[in-house]
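J.: What follows is a structure written as structure tokens; I'll ask about it next.
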Amino acid sequence: MTMKASLKGRYDTDKSGAAANVAVFASDVKLRASLTDATIVGGPSLNGLVLAVEKPGVFIVDYNVPKKDFRFQFMNTVRVAEKPLNLTYIHSRGDNRTILDGTLVLNPANKVSANHVLGTGNGKLKYSYLHGGVTTFEPSYDVAKNSWDFAVSRRVYGDDVFRASYQTSSKLLGLEWSRNSKVTGSFKVSASVNLAEERKVPKLTAESTWDFEM
């Protein structure tokens, strides 16, 4: 039996916060508890506490303790024309919302994905192209908003990724620098600005994550 823990700190221009995850691996099943600063600040409480049971690649069951709400997620892979199609079914009992998500892997460089919320007109289509193993282009179409979003990211120095995105419906421009390293930990620094606003003040966010194995 293996136990892993992670601690995340977050700061942005509006507020700061912290979160923690503790996971216990028993055979091929993972038991996880997640909590935020709301669980601790002002005395121990159930605020922000989520318990989960997960079998990687098969299912995840989350239980939000303060909301008494279950969230079910099931994953499966089938083959279409000899290509893997990764399917995900997500159902939240509290708001009675069901999401279907599918990704067709055409080859290691090209993927097509679709996301749909059942009973609504909400859905997204996305195409992902990996160029040279380091640069990814991701145009996507939002069915409900009838608008396009664009993102491009590039991996540098092995662990660092720079990403730029633009949402045409909201005119939101985003820039992000992230690192995922087993040696130095993980962090993400992002900035976004709404080009439709008269005062184009960027919103800054910084996150840092430390992982521990016990």
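J.: Under 8 Å for C-alpha pairs, at least 6 residues apart: give me the relative contact order for the chain, rounded to a whole percent.
T.: This gives 14 percent for the chain.
J.: Still on this model: Evaluate the relative contact order of region 1-95 (contact order divided by residue number), counting alpha-carbon pairs under 8 angstrom at least 6 apart; express in whole percent.
T.: On the way: 191 pairs, mean separation 14.7, N = 95.
Computed value for region 1-95: 15 percent relative contact order.
J.: Just the number please: accessible area per residue for the chain, 1.4 Å probe, all protein chains included, in Å².
T.: Ligands and nucleic acids excluded, the result is 65 Å² per residue.
J.: Please give every one of the aspartates and glutamates within straight-line cross-link reach of Lys4, meaning a C-alpha to C-alpha distance under 13 Å, and leave out same-chain neighbours fewer than 8 residues apart.
T.: Excluding near neighbours in sequence, the set is Asp211, Glu213.
J.: Under 21 Å between alpha carbons, and skipping anything fewer than 8 positions from Lys111 in its own chain: which lysines qualify?
T.: Lys83, Lys124, Lys126
J.: What stretch of the chain, leaving out the sites themselves, is the longest with no GluC sites (Glu not before Pro) in a DSSP loop having at most 14 other Cβ atoms within 10 Å? Mind showing how you got there, number by number?
T.: On the way: sites that count: Glu82, Glu197, Glu198.
Counting at most 14 other Cβ atoms within 10 Å as exposed, the longest clean stretch of the chain is 83-196.
J.: Sorted by accessible area (1.4 Å probe), largest first, how do Met3, Met75, Met214 line up?
T.: Per-residue accessible area, sorted high to low, gives Met214, Met3, Met75.
J.: If you don't mind, there's one more thing I want to ask. At 0.36 nm per residue, minus the direct Cα-Cα distance, what do Lys15 and Leu195 gain on full extension? Give it in nm, one decimal, please.
T.: Numbers: separation 180, 0.36 × 180 = 64.80 nm, distance 2.24 nm.
Between Lys15 and Leu195, full extension yields an extra 62.6 nm.
J.: Once both labels are modelled 7 Å past Cα along the beta-carbon direction, what's the Ser147-Lys55 spacing in nm?
T.: It is 4.1 nm.
J.: Between rounded, prolate and oblate, where does region 127-177 land on the alpha carbon gyration tensor, with a ≥ b ≥ c its root eigenvalues, rounded for a/c under 1.5, else prolate if a/b exceeds b/c?
T.: Cα axes put region 127-177 in the oblate bin.
J.: Here's a follow-up. What is the extension gain from Tyr129 to Thr77, computed as 0.36 nm multiplied by their sequence separation minus the C-alpha to C-alpha distance, in nm to one decimal?
T.: Working: separation 52, 0.36 × 52 = 18.72 nm, distance 2.06 nm.
That works out to 16.7 nm of additional length.
J.: Can you give the convex hull volume per residue for the Cα atoms of the chain, as a whole number of Å³?
T.: Each residue corresponds to 168 Å³ of Cα convex hull volume.
J.: Now, a different point. Given the Cα-Cα distance of Ser27 and Thr168 and 0.36 nm per residue of separation, how much length would full extension add, in nm?
T.: On the way: separation 141, 0.36 × 141 = 50.76 nm, distance 4.59 nm.
So the extension gain works out to 46.2 nm.
J.: Further question: In the full protein assembly as shown, how much of Thr136 is accessible to a 1.4 Å probe, in Å² to the nearest 10?
T.: Here the residue's solvent-accessible area equals roughly 30 Å².
J.: Would you mind telling me the share, in percent, of accessible area of the chain contributed by carbon and sulfur at probe 1.4 angstrom?
T.: 60 percent
The values are calculated or read from the model by the stated rules, or taken from the named source; none is laboratory data. Note that the structure is a prediction, hence the values are computed from the model and not measured. Every residue, glycine as well, gets a Cβ built from its backbone with ideal geometry; the counts of neighbours run over all protein chains shown. Note: areas computed on protein heavy atoms with side chains; ligands, DNA, RNA excluded. Shrake-Rupley method; radii C 1.70, N 1.55, O 1.52, S 1.80 Å.
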